[in-house]
Amino acid sequence: MTKKTAYIGLGTNLGDRLAYLTDALHHLDNRPGLRVTGISPVYETEPWGLRDQPDFLNLCAALETIRTPEELLQDLLAVEKELHRVRKVRWGPRTIDLDLLLYGDEIIQEEGLRVPHPRMTTRSFVLAPLADLAPDVIVPGTQKSVAKWRAEQVEKGENEELVCLGHPLSWLPRDSSPMNSLDQK
């Protein structure tokens, strides 16, 4: 089994938003074949799409995984369900939203799964935290780093209102000793 690095976006705008982000990270970190290896700062952002709803908290996380992209997507959907995500309205309020942004250097175009995420390079609430976490990662199919995409976005003024809250989460990565390796899960 080959280990891959994946990057996901996390967002929430209902209830105790910091608790939902922390819970999502813990749920992911405890799933077989997954380990959260890093997180970005948290950003508070205005809603995108449907505007009449509470502001979001967003961050990005790096994962080490032996799961396939399809399995990882199912893990993300399962964690959303565990944290009571209800899909009523597109871009509506949610307890947690987990998006697969990047999976290694792969480009995937399947029904229900597109990697890189098709809108990641146009959304400040994704690019800002991802640039903090993994600035040098090249977005597959573009030959541009995450930092370059973010800089171009800022330069063009295509920038939603963002407030960086730093690292307010009570989350630490799991011990990476052999007892907690991906192979032992």
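What follows is calculated from the coordinates using simple rules that are stated; it is not laboratory data. It should be emphasised that the depicted structure is a prediction, and the values quoted were computed from it without experimental measurement. Ideal geometry is used to build each Cβ from the backbone, glycine not excepted, and the neighbour counts take in all protein chains shown.
Quick look at the numbers
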{"item": "Top of L102, L25, L73 by mean-square fluctuation, Gaussian network on the chain, Cα under 10 Å", "result": "L73"}
{"item": "Greater than 25 Å apart at Cα, pairs in K4/K148; K3/K144; K81/K148", "result": "K81/K148"}
{"item": "Helix-only CD estimate at 222 nm, as mean residue ellipticity for the chain, using -39500 (n - 2.57) per DSSP H run (n ≥ 4)", "result": "-8000 deg cm²/dmol"}
{"item": "Cα→Cβ-extended label distance, 7 Å offset, between I138 and K156, nm", "result": "2.1"}
{"item": "Percentage relative contact order, the range 45-168, counting C-alpha pairs under 8 Å, at least six apart", "result": "24"}
